[in-house]
Amino acid sequence: MSSDETQRPKLAVWKFASCDGCQLSLLDCEDELLAVADAIEIANFAEATRRVVEGPYDLSLVEGSITTAHDAERILEVRAQSKYLVTIGACATAGGIQALRNWQDVKEMASVVYAKPEYLDTLATSTPISDHVAVDFELRGCPVNKHQLLEVVVAFLHRRKPVVPQHSVCVECKLRGNPCVMVAHGTPCLGPVTQAGCGAICPAYNRGCFGCFGPMESPNAVALSAQWKAMGVSNRDIMRTYRSFNGLASPFREESDKHEP
């Protein structure tokens, strides 16, 4: 058997503009991660080890959005070194909460927040990785579900498509036995248009879903907004609800723009 056949696949984890929460989800796997580590070589993962093995890499997991010119250059280098590139989390898949800058004047905001804004080196927008390079799979969440993350890693090791739920958070509410917060309390909730993955945590505590896992497959945001308006929710509040962790994701962005005052 040749050395190439016995060599373990190389995994690299990269950080761009983000809070590191999705990388921590991978570390939270603990025992499961140890089992995966027997099958792969963790070649580049600054959150976990100082050891760096040069590429190319069989699988790259990318957390974070593109917010600087340096980011835009570096993601090209990551893509060139990676056989497969998977984006993890809301920042990498939809620009993240920092994409709220996309609806504002960044220079004006910087002048208010920073004493010396001229020292900032930033782009006017925060954009997902897929706006800059080809992406092989997107795993949503803020942060990602650690079990889904393991499924993605294992799936790519076995060269198959990852099995990730495409249904809405409403299904998770039913499975958990949660009463619908919109029906029971009149609380606006993004659950009907948000992809499952969190286990319906917020509705379990009588709060509306914040859309952490982004839009589900074929979301009917128009109907949901109409229901909210019937409940007395203002256009401004509808807009702000969609513009959260995944506000730049197309279905959420398009719906929020319709309700901008």
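The values are calculated or read from the model by the stated rules, or taken from the named source; none is laboratory data. Just so it is clear, the model here is predicted, and its values are computed rather than measured. Please note: Cβ atoms are built from the backbone with ideal geometry, for glycine as well, and neighbour counts cover all protein chains shown.
Filtering region 111-126 to residues that are surrounded by 11 or more Cβ atoms within 10 Å (Cβ to Cβ) and under 13 Å from T68 (Cβ atoms) leaves L120, T122, L123, A124, T125, S126.
Before we move on, is S130 hydroxyl-bearing (S, T, Y) and either under 25 Å from A37 (Cβ atoms) or surrounded by fewer than 17 Cβ atoms within 10 Å (Cβ to Cβ) (or both)? Answer is yes for this residue. Just one residue in the set D38, D71, D31 is more than 22 Å from Q148 (Cβ to Cβ) and either more than 16 Å from the chain's Cα centre (by Cα) or surrounded by fewer than 22 Cβ atoms within 10 Å (Cβ to Cβ) (or both); that residue is D71. Which of the numbered conditions does A39 fail, given that it passes all the others? Conditions: (1) of a type outside the set (K, R); (2) farther than 30 Å from R243 by Cβ; (3) part of a helix (DSSP H, G or I); (4) in contact (Cβ under 8 Å) with a residue 60 or more places away in the chain. A39 satisfies every listed condition except (3).
A residue that is under 30 Å from A196 (Cβ atoms) and either of a type in the set (V, I, T) or in contact (Cβ under 8 Å) with a residue 12 or more places away in the chain (or both) cannot be found anywhere in region 112-123. Pairs meeting the criteria (first residue in region 84-101 and under 13 Å from R253 (Cα atoms), second residue basic (K, R), beta carbons under 8 Å, at least 6 apart or on different chains) are A94/R140; L100/R243. Residues that are under 24 Å from A230 (Cβ atoms) and assigned to a helix (DSSP H, G or I) within region 163-181 comprise V169, C170, V171, C173, K174, V181, listed in sequence order.
Just so you know, in region 182-226 the residues that are in a loop (DSSP other than H, G, I, E, B) and free of Cβ contacts under 8 Å to residues at least 12 places away in the same chain include one that is farthest from L139 (Cα to Cα), and it is Y205. Only one of the numbered conditions (1) surrounded by fewer than 15 Cβ atoms within 10 Å (Cβ to Cβ); (2) more than 30 Å from E260 (Cα to Cα) is not met by G186, and that is (2). Per the listing F252, F245, F213, the residue uniquely within 20 Å of W103 (Cα to Cα), surrounded by 13 or more Cβ atoms within 10 Å (Cβ to Cβ), within 17 Å of the chain's Cα centre (by Cα) and modelled with pLDDT of 95 or more is F252.
Going through (1) part of a strand (DSSP E or B); (2) out of contact with any Ser or Thr (no Cβ under 7 Å at 6 or more places or on another chain) one by one, T87 falls short only on (2). Taking the criterion of being closer than 19 Å to I88 by Cβ, modelled with pLDDT under 90 and in a strand (DSSP E or B), would at least one residue in region 8-27 satisfy it? Taking every residue of region 8-27 in turn, none turns out to be closer than 19 Å to I88 by Cβ, modelled with pLDDT under 90 and in a strand (DSSP E or B). In this structure, does G199 turn out to be crowded, with 18+ Cβ neighbours inside 10 Å and either out of contact with any Ser or Thr (no Cβ under 8 Å at 6 or more places or on another chain) or at pLDDT 95 or above (or both)? When the stated conditions are applied, G199 does not pass them.
Residues of region 156-171 that are in contact (Cβ under 8 Å) with a residue 60 or more places away in the chain and either in contact with a strand residue (DSSP E or B) (Cβ under 7 Å, 6 or more places away or on another chain) or farther than 23 Å from I40 by Cα (or both): F156 alone.
Against the list (1) outside the structural domain of P251 (by TED's automatic domain parsing); (2) free of Cβ contacts under 8 Å to residues at least 60 places away in the same chain; (3) of a type outside the set (K, R); (4) outside any loop (DSSP other than H, G, I, E, B), the condition V153 fails is (2). Can you name every residue in region 40-57 that is modelled with pLDDT under 95 and over 12 Å from V13 (Cβ atoms)? Passing the criteria: E41, R50, R51, V53, E54, G55.
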